[in-house]
1. Largest first and in whole Å, what are the equivalent-ellipsoid semi-axes of the stretch 87-203 based on the Cα gyration tensor, each being the root of 5 times an eigenvalue?
2. May I ask you to derive the FRET efficiency for Thr211 and Thr80 from their Cβ-Cβ distance with R0 = 25 Å, giving the value to the nearest 0.05?
3. P(r) for the chain: what percent of alpha-carbon pairs falls in each 10 Å bin, starting at zero?
4. Taking 1 over the mean of 1/r across every pair of different Cα atoms in the stretch 84-132, what Kirkwood radius in Å do you get?
5. Excluding residues on the same chain fewer than 8 positions from Lys100, give the aspartates and glutamates whose Cα lies under 13 Å from its Cα.
6. Report the antiparallel proportion of the DSSP beta bridges in the stretch 21-299 as a percent, rounded to a multiple of 5.
7. Hey, quick one: spin label on Lys246, modelled 7 Å out along Cα-Cβ, who in the stretch 168-187 has an amide N within reach, i.e. under 15 Å?
8. Using the Karplus curve 6.51 cos²θ - 1.76 cosθ + 1.60 with θ = phi - 60°, what ³J(HN,Hα) values do you get for each residue of the stretch 110-115, in whole Hz, with x for Gly and Pro?
Amino acid sequence: MSVRGGCGERRIALVKRKLLPDELTDLWQSVEQQELSVEAFTREQERLLAEYRQTWGDALLLEGYRDLRESLLTELGLYTQCSDLAEIERLCTHAVATLKQEWQVKVTSNERRSIERFYDESRTAMYELMWWHSLRDDASPLAYVTGLHLARERGGRRYLDFGAGVGSGGILFARHEFDVTLADISSTLLQFTSWRLGRRNLPATYVDLKTSSLTPCAFDFVTAMDVFEHLVDPVSTVEQLSEALKPGGLLFARIAAEPDLDRPQHIVQDFAPTFERLRSLGFTEVWRDAWLWGHQVFQKA
């Protein structure tokens with residue numbers, strides 16, 4: 001699938017206001033045409049990203065906190081009953097390496113039960129994801145804000161975050177009055193997610209994918225953020241999401257992964273069968289982030 005080819009007219013129809021990656025792509029054309037300096041482009045990009053950071057922070061910050069990192073560390077401390085935030089931060093910053101060690105010890109590669117047990121039992125993923133969502137090392141969680149803008153313009157209110165992790169996307173969408181469902185294979189993460197939303201008095205439905213199925217034809221908008229590379233069978237996941245989406249509903253996902261020695265849990269790099277199954281089920285790619293983080297939007301027929 002090409003990044004730009006064939007999507008222009010559909011992209012115009014998708015939203016009234018350009019999404020941030022398209023806005024930046026167009027702005028860069030002004031640089032190439034020497035109508036705007038690189039320095040001016042950089043300033044504008046940082047300004048627009050700062051607006052995204054504000055939206056993300058406003059949703060996730062605990063009451064009384066202004067620093068996102070401190071707030072998320074405090075939240076972990078409250079949940080784990082650890083008052084030593086330095087220790088919590090240490091667990092967060094070492095989480096990628098710890099997950100790698102846990103995977104090497106506990107997981108038989110490509111064995112579904114082994115992988116499910118790893119995600120179900122590991123608490124380390126909680127630290128890794130909360131640190132990622134602090135935006136200290138990587139701003140890609142802000143793609144949820146792109147998804148929010150798109151979902152709000154489309155008008156549907158039934159939202160599913162598939163592979164919801166620690167629930168930050170659900171908090172963001174619930175803050176903006178969506179009917180939120182959070183699905184994950186990890187009971188450990190779902191318990192933490194339920195605690196987080198409950199603390200904020202935000203309603204949501206929780207689906208443990210080991211024991212429950214998604215409601216058919218229930219959702220207008222689905223996110224699957226950095227999920228597909230973790231799946232034993234991403235093709236069957238596409239089938240599940242197709243069944244759960246309403247006709248005309250949108251799937252917002254990043255379906256891509258490069259080999260990563262630090263993350264052996266990224267077990268899929270070839271997504272050609274996944275894209276082929278999307279096509280055969282009648283999904284059409286209607287948008288792609290060609291500038292920032294590479295997410296795609298697929299519309300169900």
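None of the figures in this text is laboratory data; all of them are computed from the coordinates on show. Keep in mind it's a predicted model, so treat the numbers as computed, not measured. Here the Cβ is made from the backbone with ideal geometry for all residues, glycine too, and neighbour counts use every protein chain on show.
1. On the way: eigenvalues 146, 54, 36 Å².
Each semi-axis is the square root of five times an eigenvalue, giving 27, 16, 13 Å.
2. Numbers: r = 25 Å, r/R0 = 1.00.
Once the sixth-power term is evaluated, E becomes 0.50.
3. 6, 27, 36, 24, 7, 1
4. Working: mean 1/r = 0.0886 Å⁻¹.
Taking every pair of different Cα atoms in the stretch 84-132, averaging 1/r and inverting gives 11.3 Å.
5. Answer for Lys100, where 13 Å is the Cα cut-off: Glu128, Asp260, Asp262, listed by chain and number.
6. Working: 8 of 25 bridges.
Bridges in the stretch 21-299 are about 30 percent antiparallel.
7. From the stretch 168-187, the list is 178-181.
8. Running phi through 6.51 cos²θ - 1.76 cosθ + 1.60 with θ = phi - 60° gives 6, 9, 3, 5, 5, 5 Hz.
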